[in-house]
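What follows is one structure encoded as C-alpha cells, with my remarks underneath.
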Amino acid sequence: MSGHPARFGDRVAVVTGAGQGIGAAVVAALAAEGAAVAAVDLDRVRVAAVAAEHQAHGRPVRPYPADVSHADAVDRVVTRVEDDLGPIDILVNVAGVLRPGPVLKSTDEDWLGTFAVNSDGVFFFSRAVARRMVPRAAGVIVTVGSNAVGVPRMDMAAYAASKAAATMFTRCLGLELAQHGIRCNVVSPGSTDTAMQRSLWTGDGARRVIEGSPESYRVGIPLGRIAESADIADAVLFLASEQARHITMQNLYVDGGATLVG
C-alpha cells in the first residue's frame, strides 16, 4: 500500500463484517489511505472497538451495528451512512459465517443461516448501495468470496454454495451496472489466518493446511504460507482503486495457488 498516501482521501467506504478478521483489515487499509469508513458488523462491541482504535489516531471510522441478513436494517444503515458521511463511493461485502459439517448432518438452520449472511447480505447491501450509486454514475462494489467456490470441499457445502451464489451475483450485478460506470468485482481468499480459519484447526492445524490433506481431497498451498488478512485487504484496495478502473466482473483468487484452477 506504500506509494499511495491518499488513494481514497475523498472517498466514503462501507465495509461489512468489519468487527474482526478480513473486514477489520479492510477498514484499516482504507482508513490508512484516507477514506471515511462506515464499519458495519452484527457485533456492536467489536465494531465499536475497531472504530474507536482508528478514531484515536484521527481516522474517520464510524461504527454501524447491523444485521446484514435483514433488508430493512441494511436500508436504514445505508441511509444513515450517507447522512453522516456523504455519498457512498465504495462498498466492500465481507460479512460471512461458516457452519462446517457433512450435508447429511446439516440442519435447515445451518443452510438457511449461512445463506442469509453470505448471500442475502451481499444482495441486500449491494442493492441498497447500487440504487444510490446509479444516479451518480460512479462507484465500486467488491465482494469477498472464497476459493471454495472453485473446488468442492468436504464439510463445506453450505459455505461454498453461498459464496458461489454471492460471487455470481456480484458478477451479474457488474454487468448490469457497467453502463453506469460502476464496477463490481470479487476477491476470493484461500486459507487466511482469522478466527474463522483457526476454528477449523486441530493439532498442527496451520502446517496441515499448508501441506494439504489427501484424505479430505485438499491440496496444500504452493506458496507455503497461510495468508494474512492484510493480503486480502491489499487485493480489495487494488480493485477499489483507480488502478483497476478498467476491471469489472472479475474474480481475483488470493490463495497462494491452493486452488490450482481459476
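All of the numbers you see were taken from the coordinates with simple rules; none came from a lab. Please read these numbers as outputs of a predicted model, since none were measured by experiment. Cβ atoms come from the backbone with ideal geometry, glycine included; neighbour counts cover every protein chain shown.
Once the Cα atoms are used to define both axes, helix 121-136 deviates from the longest principal axis of the chain by about 30 degrees. A cut-off of 5 Å between modelled amide H atoms, ignoring neighbours fewer than 5 places along the same chain, links G139 with R183.
Labels on offer are (1) 29, 20, 19; (2) 37, 20, 15; (3) 50, 19, 16, and the one holding semi-axes √(5λ) of the Cα gyration tensor in Å computed from this structure is (1). Taking amide H as placed 1.01 Å from N in the peptide plane, Y253 has its amide H under 5 Å from the amide H of S188, each at least 5 places away in sequence or on another chain. Among T143, T248, the ranking by other beta carbons within 10 Å of each residue's beta carbon, starting with the fewest, stands as T248, T143. Along the range 39-54 the Karplus relation, 6.51 cos²θ - 1.76 cosθ + 1.60 evaluated at θ = phi - 60°, assigns HN-Hα couplings of 8, 10, 7, 5, 7, 5, 5, 5, 5, 5, 5, 4, 5, 4, 4, 6 Hz to successive residues, with x for each Gly and Pro. Rounded to the nearest Hz, the phi-derived 3J(HN,Hα) couplings of the range 179-186 under the Karplus curve 6.51 cos²θ - 1.76 cosθ + 1.60 (θ = phi - 60°) are 5, 9, x, 9, 9, 10, 9, 10, where x marks glycine and proline. For the chain, the relative contact order is 18 percent, taking Cα pairs closer than 8 Å that sit 6 or more residues apart in sequence and dividing their mean separation by the residue count. Karplus-derived 3J(HN,Hα) values for the range 106-116, using 6.51 cos²θ - 1.76 cosθ + 1.60 with θ = phi - 60°, are 6, 8, 4, 5, 4, 5, 5, x, 5, 5, 4 Hz; glycine and proline are entered as x.
For L112 and V45, the difference between the fully extended length at 0.36 nm per residue and the C-alpha to C-alpha distance is 21.6 nm.
Projecting the Cα positions of I90, I226, A49 onto the charge dipole of the chain (unit charges on Cβ atoms of Lys, Arg, Asp and Glu, taken about the Cα centre) puts I90 furthest along the positive direction. Placing +1 on the Cβ of every Lys and Arg and -1 on the Cβ of every Asp and Glu, with no other charges, gives the chain a dipole of roughly 300 debye about its Cα centre. The peptide list 213-222, 79-88, 20-29, put in order of mean Cβ contacts within 10 Å with the highest first, becomes 20-29, 79-88, 213-222. In degrees, nearest 10, range 0 to 90: what is the angle between the Cα axis of helix 229-240 and the longest Cα principal axis of the chain? Long axis of 229-240 versus the principal axis of the chain: about 50 degrees.
Exposure proxy shown here: for R11, R245, R59, R76, the number of other Cβ atoms within 10 Å sets the order, fewest to most, as R245, R76, R59, R11. Each Lys and Arg Cβ is given +1 and each Asp and Glu Cβ -1; about its Cα centre, the range 40-127 then shows a dipole of about 240 debye. For the chain, the share of DSSP beta bridges that are antiparallel, to the nearest 5, is 5%. Taking other Cβ atoms within 10 Å as a rough exposure proxy, H54, H70, H246 sort from fewest to most as H246, H70, H54.
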